[in-house]
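The values are calculated or read from the model by the stated rules, or taken from the named source; none is laboratory data. This is a predicted model, so every value here is computed, not measured. Backbone-built Cβ (ideal geometry, glycine too); neighbour counts: all protein chains shown. Please note that ligands, DNA and RNA were not included when accessible areas were found on the heavy atoms of the full protein model with its side chains. Shrake-Rupley method; radii C 1.70, N 1.55, O 1.52, S 1.80 Å.
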Amino acid sequence: MANEFPTAAPCTGAALSAQLDRRGAILDLGAIDRSLREVAEHFASINRHLDSPRERLDDHMVDHLMSGYAFIDSLIEHKVDLLAFGQLRLLLELNALVLCGQDEQVRLEAVGHLKATDKHFFDNVDGGIRDVIEWHALHAHESAWLRAAGVYIRMLAEPELFIEGNHRTGALVMSYILVRAGRPPCVLTVDNAKAYLDWSALFTGKRKTGLALRCQMPWLKYRFAEFLQAQENPKFLRAV
């Protein structure tokens, strides 16, 4: 199938994680890593100015996020459609990476949580993953910034897709959409962290069902897309 890696083995999240190229084929993983660690270093100060304070960003979280960026880099290189119904396990793997990284022992210790996340993900029929994928398909004609913004909003609005790590996983999915369209990824920096995290907190307070988000979605999507476009930085792509 065109959506799978060119190997004999099935295209599973665990198999893909094992094939990651830490240098990055498309993304400059080194530049992304440096930016995230700078944010982590200054996060206490950033957090004091947020509309809704967040848990701190530490080195382990950055390590796990980098595993996620490497994963989407590999997906894009191999032309895998992350937002296809046949690839839902890849979204679960992306969430597992931001929570646990690639460490097998950490994953064994978190196996109960990961199984509960699987159940939550597939049982969530009230605005779950079907809502996100169908929304993205319906807006395929829009710019990458608009599609990334809309998918992120619908991932964070209640009910969220995952038990934990929705914001981090959502940032990676946005990056996938943007980079697949030839744009730089979405990366947290010291300069954009407050605005980005305040936007994220706003989306988390919305609900997918009902009229409120339906009415607000166009405005929220366009404003957040403008923010994403203004923040894009080519240094996070590898020079070719």
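For the pair Ala212 and Ala137, the difference between a 0.36 nm per residue extended length and the Cα-Cα distance amounts to 24.8 nm. Residue separation of Val111 and Val190 scaled by 0.36 nm, minus their Cα-Cα distance, works out to 25.1 nm of gained length. Between the amide H of Leu27 and those of Arg238, distances stay under 5 Å, these residues lying 5 or more places away or on another chain, with hydrogens modeled in the peptide plane.
The trypsin sites (Lys or Arg not before Pro) of the stretch 40-79 that meet both conditions, a loop assignment by DSSP and at most 13 other Cβ atoms within 10 Å of the site Cβ, are Arg56, Lys79. How would the stretch 128-201 be classified by its alpha-carbon gyration tensor: rounded, prolate or oblate, with rounded meaning a/c under 1.5 and the a/b versus b/c comparison settling the rest? Here the stretch 128-201 falls in the oblate category.
With a Förster radius of 25 Å applied to the C-beta separation of Glu38 and Gln229, the computed FRET efficiency comes to 0.65.
Solvent exposure of the chain, expressed per residue, is 48 Å² of accessible area, with all protein chains present and a 1.4 angstrom probe. For the stretch 137-163, the residues whose amide N sits under 20 Å from a probe point set 7 Å from the Cα of Val125 along the beta carbon direction are 158-163. One decimal place: the segment Arg56-His78 gains 4.6 nm when fully extended, by the rule 0.36 nm per residue minus the C-alpha distance. First compute the accessible area of the chain with a 1.4 Å probe, then give the percent of it belonging to carbon and sulfur atoms. Ligands and nucleic acids excluded, carbon and sulfur give 54 percent. With r defined as the distance between the Cβ atoms of Thr204 and Ala25 and R0 fixed at 30 Å, what FRET efficiency is calculated, to the nearest 0.05? About 0.40, to the nearest 0.05.
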